[in-house]
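I have placed the structure first, in the form of structure tokens, so that the comments after it can refer back to it.
The values are calculated or read from the model by the stated rules, or taken from the named source; none is laboratory data. Nothing here was measured: the structure is a model prediction, and the numbers come from that model. Cβ: placed from backbone, ideal geometry, glycine included. Neighbour counts: every protein chain shown. For the accessible areas, the whole protein counts, side chains as well, though only heavy atoms, and no ligand, DNA or RNA atoms are used. Shrake-Rupley method; radii C 1.70, N 1.55, O 1.52, S 1.80 Å.
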Amino acid sequence: MSQSTLVYDIRNSRYLNITGRCTLRCQFCPKHNGSKQVHEYQLDLDHQPTAQELIPLLGDVSQFDEYVFCGYGEPTLNLATLIAVASEIKRLGGQVRVNTDGLGNLFHRRNILPELAPVVDALSISLNADNETAYVQHCQPKLKDSYAAVRAFIRQAPNYINKVQVSAIEGLEGVNIERCRDFVESANAEFKHRHLGIVG
């Protein structure tokens, strides 16, 4: 079996793949269509990596625009590792972004934003739908009330994190992109309009 890819580089950023677990089963996610690959990187993990494994792989922080917690799972599910590694990146003078489905508070049953705030410069949150029916259809959440939870997280996040970007994907049935944009901008976050089938 090939070794798990814990870090991978796209353009000028180093990506950190810290969990294979996820709170969603998005039907448009390549891993549900038989692929665990982004660009040339195989992202299937055989275990949850620890901070001790990841920190030696950070490299020279001055060489990267940012470090992005983003693999084929939801990074906030491995929260202790995320915070420990992000703390080290900040100590070394690097920038940290977390790509999240916005369900960390629901999963951990507490507000995790105060824990992220000291070590995370930017959040990229996937909203994916302007209504619960479309969200459940496309994202198939494992936790009850996930749609309400992601909307609450988006509203809270700008109070803690300087740069909050929220995306929705054009091309998903039953999703109104402009209504997604209106909600995101009303929460004082930046909207990112994505297109179906384009990853990374």
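For region 136-158, filtering for residues that are within 21 Å of VAL98 (Cα to Cα), at pLDDT below 95 and in a helix (DSSP H, G or I) leaves 1. Please work out if ASP182 is assigned to a loop (DSSP other than H, G, I, E, B) and modelled with pLDDT of 95 or more. In short, no.
Residues that are within 28 Å of ASN128 (Cα to Cα) and modelled with pLDDT of 95 or more within region 53-70 comprise ASP65, GLU66, TYR67, VAL68, PHE69, listed in sequence order.
For ALA117, indicate whether it is under 14 Å from LEU16 (Cβ atoms) and modelled with pLDDT of 95 or more. Criteria not met by ALA117. In this structure, is ARG155 farther than 20 Å from ASN105 by Cα and surrounded by fewer than 17 Cβ atoms within 10 Å (Cβ to Cβ)? Considered against the rule, which asks whether it is farther than 20 Å from ASN105 by Cα and surrounded by fewer than 17 Cβ atoms within 10 Å (Cβ to Cβ), ARG155 comes out as no. When LYS142, LYS163 are checked against the criterion of being in contact with a Ser or Thr (Cβ under 7 Å, 6 or more places away or on another chain), in contact (Cβ under 8 Å) with a residue 12 or more places away in the chain and not aromatic (Phe, Trp, Tyr), a single residue qualifies: LYS142. Does ALA80 meet the test of being farther than 20 Å from CYS139 by Cα, at pLDDT 95 or above, surrounded by fewer than 18 Cβ atoms within 10 Å (Cβ to Cβ) and aliphatic (A, V, I, L, M)? Answer is yes for this residue.
Can you find even one residue in region 188-200 that is within 25 Å of LEU43 (Cα to Cα), within 15 Å of the chain's Cα centre (by Cα) and either assigned to a strand (DSSP E or B) or at pLDDT 95 or above (or both)? Yes, region 188-200 contains at least one residue that is within 25 Å of LEU43 (Cα to Cα), within 15 Å of the chain's Cα centre (by Cα) and either assigned to a strand (DSSP E or B) or at pLDDT 95 or above (or both).
From the list SER146, SER124, which residue is touching a strand residue (DSSP E or B) at 6+ places or on another chain (Cβ under 6 Å), buried (at least 16 other Cβ atoms within 10 Å of the Cβ) and under 20 Å from GLN27 (Cα atoms)? Sole residue among the options that is touching a strand residue (DSSP E or B) at 6+ places or on another chain (Cβ under 6 Å), buried (at least 16 other Cβ atoms within 10 Å of the Cβ) and under 20 Å from GLN27 (Cα atoms): SER124. Within region 92-110, the residues that satisfy the criterion of being more than 16 Å from TYR147 (Cα to Cα) and not basic (Lys, Arg) are LEU92, GLY93, GLY94, GLN95, VAL96, VAL98, ASN99.
Within region 53-80, restricting attention to residues that are acidic (Asp, Glu), out of contact with any Asp or Glu (no Cβ under 8 Å at 6 or more places or on another chain) and not in a helix (DSSP H, G or I), the residue that is nearest to ASN105 (Cα to Cα) is ASP65. If the condition is being in contact with a Phe, Trp or Tyr (Cβ under 8 Å, 6 or more places away or on another chain), at pLDDT 70 or above and either assigned to a strand (DSSP E or B) or open to solvent by less than 40 Å² (accessible area, probe 1.4 Å) (or both), then region 30-52 contributes LEU43, LEU45. A single entry from GLY93, GLY104, GLY171 fulfils the requirement of being in contact with a Ser or Thr (Cβ under 8 Å, 6 or more places away or on another chain) and open to solvent by 40 Å² or more (accessible area, probe 1.4 Å): GLY93. Pairing residues of region 178-192 that are closer than 11 Å to LEU127 by Cα and open to solvent by less than 90 Å² (accessible area, probe 1.4 Å) with residues that are of a type in the set (Asp, Glu) and part of a strand (DSSP E or B), at Cβ distances under 8 Å and at least 6 apart in sequence or on separate chains, gives VAL184/GLU190. In summary, ILE161 fulfils each of the numbered conditions (1) part of a strand (DSSP E or B); (2) open to solvent by less than 20 Å² (accessible area, probe 1.4 Å) with the single exception of condition (1).
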